[in-house]
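Data block below; observations after.
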Amino acid sequence: MNRRNLLRSLLAALLGWPEIGSAADEPVSVIVAKRSKVSAVDRDELRQIFQTNRTTWSQTGDRVIPLNLPDKNPVRHDFDRAVLGLDPDRVSRYWVDRKIRGDARPPRTAPNPAAVVRAVESNPQLVGYVPASDVSGDVKVIARIVDGKLQGA
Amino acid sequence: MGAIVLGNTSRRRLKIISGTIVAIVAATPAFAQEAPPTVDPPAPEGARLPEAEAPPAPAPVPEAAAPEVVPAPAPPPPVPAEPSPEVQALLAAQQQKIDELEARVTEVEEQGGEVVEDKLKIYGFTDFGLQRIFAADSFSAITDTETSFVIGNLNVYFDAQPIERWRTLFEIRFTNAPNGNLVIGPTGATRTSTFQFDPHAGVWDAPMWGGYTVIERAHTDYLASQYFNVRVGNFFTPFGIWNVDHGSPVLIPVTPPQIILQSLYPIRQTGLQFYGSAFAGAWELGYALTVTNGRQELSNFDFDDDKALGGRLFARNDGDVRTQIGLSFYRGNAEDKIVSFPPTGEPTTSSSWEYDEYSIGADFSLDAGGTRIRTEALVQRQVFEPGKRQPAFGVLGALVPDGYRYSGYLVAAQQLPFLGLEPYLLLEGARLPGAVSDTLGVLSGGVNIHFTPFTQLKLQAVRVWFWNLRDDPRSAAGFPPEDLNHTILTSRLVVAF
């Protein structure tokens with residue numbers, strides 16, 4: 001670690017900033033149904049979707065419904081760090097705050113990656129994320145999280 | 001990770017495969033027992049096939065024919081041959097594989113496979129605390145300053161979304177009020193008590209004390225689109241930061257700012273709200289527009305046809321550095337309604353006070369890692385109808401003048417990387433022309449201890465100063481504004497659920 005990175009990490013720890021770009025064990029794929037017209041998504045839009053602030057795709061104008069993994073799932077942690085920029089504690093606080101304010105509900109939760117794939121492939125409004133090895137032939141990948149960073153498909 | 005999903009069909013297949021493997025191995029000469037011809041060899045349990053896959057069973061022998069069968073005397077059972085080491089190893093390997101597959105099937109089945117969302121969600125927050133106010137005797141006479149444990153908020157949310165685009169949210173607060181409320185009259189103050197004998201207790205003298213349930217909000221939303229949604233009912237006025245954050249788990253300090261305490265706009269209103277947003281890159285540009293009955297301190301009903309209008313525009317970036325800038329406004333008319341029944345003729349209605357009000361405010365919030373900053377400021381213009389001014393607080397016979405009222409605050413908090421500590425500082429100023437003083441200032445500091453994302457202890461010290469900066473002898477009150485200065489020590493243990 002060079003001096004600049006060391007300084008950044010120390011500052012991040014002191015100010016409570018999340019460690020963006022923490023390495024995941026396996027790439028995470030952001031998926032939609034094969035018949036969805038959406039082909040790509042950037043981090044801002046994906047964040048807005050998973051914060052339930054955005055309800056339509058910018059590319060098509062179609063309705064979008066985010067699908068989360070359970071909050072204890074390590075893939076969820078990788079996704080939240082890479083897309084929301086929040087560690088698990090801050091994600092929990094974020095949703096507590098949203099609930100108390102009376103804001104829109106948090107995304108629905110699928111119990112496991114296989115359930116995400118099954119739900120997404122059957123509903124073109126859904127967007128989810130799963131480990132890359134769980135992607136089946138009936139969904140398409142519109143973005144990937146590699147080494148803690150969102151990349152295009 | 002690569003979880004597999006196996007349903008009943010897959011489990012049956014697995015059993016068939018495992019059963020077949022074991023059956024084949026069991027049928028090898030080195031393993032099979034030599035059994036008497038009239039007795040079927042006992043099959044291992046795992047070799048049983050599901051009914052659909054089982055070979056046709058031999059026709060049962062009718063019961064009447066049973067006595068005619070004379071079984072031959074069974075020869076002594078032979079000593080079973082010992083399976084070869086290769087077969088034993090194969091069996092063990094297969095059994096291990098079967099056990100692993102069974103375990104994965106069980107794991108996946110336990111996880112379930114469906115995406116289910118509750119149509120009705122119940123959640124809320126509670127806070128309890130200890131507080132003490134240090135003040136002059138004249139101030140202590142009109143409030144409770146002693147060290148006291150307090151029940152803060154017991155708020156429960158009922159959040160129903162029976163179908164995709166319709167949502168109803170209502171929030172109920174349970175409280176002991178008005179029990180213990182201090183009612184100040186012209187000659188002194190008395191306490192309100194809700195004591196009564198419990199009529200349902202089975203005895204005549206069981207004590208009970210009632211309390212309010214406060215409808216904090218109750219509205220139904222039609223979620224039409226990203227750009228346009230409709231809210232109908234009773235909602236918090238979308239104005240600034242504090243009134244939207246609303247609950248103790250979200251708010252940084254315990255004590256509310258003057259904007260809320262003085263109701264410089266209505267805290268909540270009944271009517272319609274239209275809201276929506278659009279996006280420009282990382283920024284969300286949103287609006288809210290309200291058409292309501294206006295202030296509802298006296299009644300949720302409107303006493304005239306002059307509807308109140310309000311609105312809010314905001315730009316929000318919920319990225320790594322969460323930032324929000326907002327502008328809010330409100331225009332309404334407030335009055336009371338007195339009905340008189342003269343001895344002759346029709347009943348008449350009138351008002352003893354009536355005013356128009358205009359509020360405009362600006363706010364800014366920032367969340368950068370562990371740093372939280374909130375600030376908002378507003379100006380309110382209050383114009384009374386001629387001859388219909390409200391009585392002013394603090395001086396008998398004084399009336400509230402027309403005028404501008406200003407208020408603003410700044411809160412800055414920093415989450416430290418240890419023990420969940422979040423110290424903060426609050427600065428506040430307000431210019432609120434009244435009979436006793438016209439200006440106040442607040443300096444406050446505190447620390448929030450976040451035990452978990454759902455629980456925190458809030459500790460706060462507050463110093464409040466009152467001044468009269470007017471150079472106007474008519475503003476001289478019966479007691480100096482300094483008598484209102486006070487210090488508050490307060491705490492709340494907050495739980496969100």
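The values are calculated or read from the model by the stated rules, or taken from the named source; none is laboratory data. Since we're looking at a predicted model, the values are computed, not measured. For neighbour counting, all protein chains shown are included, and Cβ atoms are generated from backbone atoms with ideal geometry for every residue, glycine included. Each accessible area value is taken on the protein alone, full model and side chains, heavy atoms only, with ligands, DNA and RNA left out. Shrake-Rupley method; radii C 1.70, N 1.55, O 1.52, S 1.80 Å.
Hey, does segment B:415-424 have a residue that's touching a Leu at 6+ places or on another chain (Cβ under 8 Å), open to solvent by less than 30 Å² (accessible area, probe 1.4 Å) and either in the same structural domain as residue B:354 (by TED's automatic domain parsing) or more than 16 Å from residue B:250 (Cβ to Cβ) (or both)? Yes, segment B:415-424 has at least one match.
Remark: residue B:411 matches the filter, which requires a residue to be closer than 25 Å to residue B:287 by Cα and either open to solvent by less than 60 Å² (accessible area, probe 1.4 Å) or free of Cβ contacts under 8 Å to residues at least 60 places away in the same chain (or both).
Has segment B:375-387 got any residue that is more than 30 Å from residue B:126 (Cα to Cα), out of contact with any Ser or Thr (no Cβ under 6 Å at 6 or more places or on another chain) and among the charged types (D, E, K, R)?
At the first step, the residues of segment B:375-387 found to be more than 30 Å from residue B:126 (Cα to Cα) are B:379-387.
Keeping just the survivors that are out of contact with any Ser or Thr (no Cβ under 6 Å at 6 or more places or on another chain) gives B:379, B:381-387.
So of that shortlist, the ones also among the charged types (D, E, K, R) come out as B:381, B:385.
Within segment B:375-387, one or more residues are more than 30 Å from residue B:126 (Cα to Cα), out of contact with any Ser or Thr (no Cβ under 6 Å at 6 or more places or on another chain) and among the charged types (D, E, K, R).
Suppose we keep only residues that are open to solvent by 20 Å² or more (accessible area, probe 1.4 Å) and in a loop (DSSP other than H, G, I, E, B) within segment B:252-263. Which one would you say is farthest from the other protein chains (Cβ to nearest Cβ)? In this case the residue turns out to be B:262.
Here residue A:85 qualifies as at pLDDT below 95, surrounded by 18 or more Cβ atoms within 10 Å (Cβ to Cβ) and at positive phi.
Where strands (runs of 3 or more DSSP E) sit wholly within segment B:335-452, those with at least 2 residues that are closer than 28 Å to residue B:302 by Cβ and of a type in the set (Val, Ile, Thr) occupy B:338-340, B:348-350, B:371-384.
Being within 12 Å of the chain's Cα centre (by Cα) and open to solvent by 10 Å² or more (accessible area, probe 1.4 Å) is a condition met by at least one residue of segment A:52-63.
This table checks each residue for (1) within 10 Å of another protein chain (Cβ to nearest Cβ); (2) touching a residue at least 40 places away in the same chain (Cβ under 8 Å); (3) within 20 Å of the chain's Cα centre (by Cα); (4) under 30 Å from residue B:276 (Cβ atoms).
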residue: B:180; (1), (2), (3), (4): no, no, no, no
residue: B:183; (1), (2), (3), (4): no, no, no, no
residue: B:199; (1), (2), (3), (4): no, no, no, no
residue: B:205; (1), (2), (3), (4): no, no, no, no
residue: B:217; (1), (2), (3), (4): yes, yes, yes, yes
residue: B:225; (1), (2), (3), (4): yes, yes, no, yes
residue: B:230; (1), (2), (3), (4): no, yes, no, yes
residue: B:247; (1), (2), (3), (4): yes, yes, yes, yes
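Taking the conditions (1) at pLDDT 95 or above; (2) open to solvent by 20 Å² or more (accessible area, probe 1.4 Å); (3) away from chain A (no Cβ under 14 Å) in turn, residue B:324 satisfies each one other than (3).
In the condition set (1) without any contact (Cβ under 8 Å) to a residue 60 or more places away in the chain; (2) more than 8 Å from every other protein chain (Cβ to nearest Cβ), residue A:125 is compliant with all but (1). Restricting segment A:137-153 to residues that are open to solvent by 50 Å² or more (accessible area, probe 1.4 Å), modelled with pLDDT of 90 or more and under 13 Å from the mean Cα position of the chain (by Cα), the residue that is nearest to residue A:59 (Cα to Cα) is A:144. The condition of being within 10 Å of another protein chain (Cβ to nearest Cβ) and either modelled with pLDDT of 95 or more or in a strand (DSSP E or B) (or both) holds for only one of B:271, B:286, that being B:286. Taking segment A:34-153 and the strands (runs of 3 or more DSSP E) fully enclosed by it, no element has 3 or more residues that are among the aromatic types (Phe, Trp, Tyr) and touching a strand residue (DSSP E or B) at 6+ places or on another chain (Cβ under 9 Å). The residue list A:97, A:134 contains one member that is more than 14 Å from the chain's Cα centre (by Cα), at pLDDT 95 or above and buried (at least 18 other Cβ atoms within 10 Å of the Cβ), which is A:97.
Where strands (runs of 3 or more DSSP E) sit wholly within segment B:137-228, those with at least 1 residues that are in contact with a Lys or Arg (Cβ under 6 Å, 6 or more places away or on another chain) and open to solvent by less than 30 Å² (accessible area, probe 1.4 Å) occupy B:148-163, B:166-174, B:213-222.
Only a single criterion out of (1) modelled with pLDDT of 95 or more; (2) closer than 23 Å to residue B:322 by Cα; (3) more than 14 Å from the chain's Cα centre (by Cα); (4) not basic (Lys, Arg) is not satisfied by residue A:10, namely (1).
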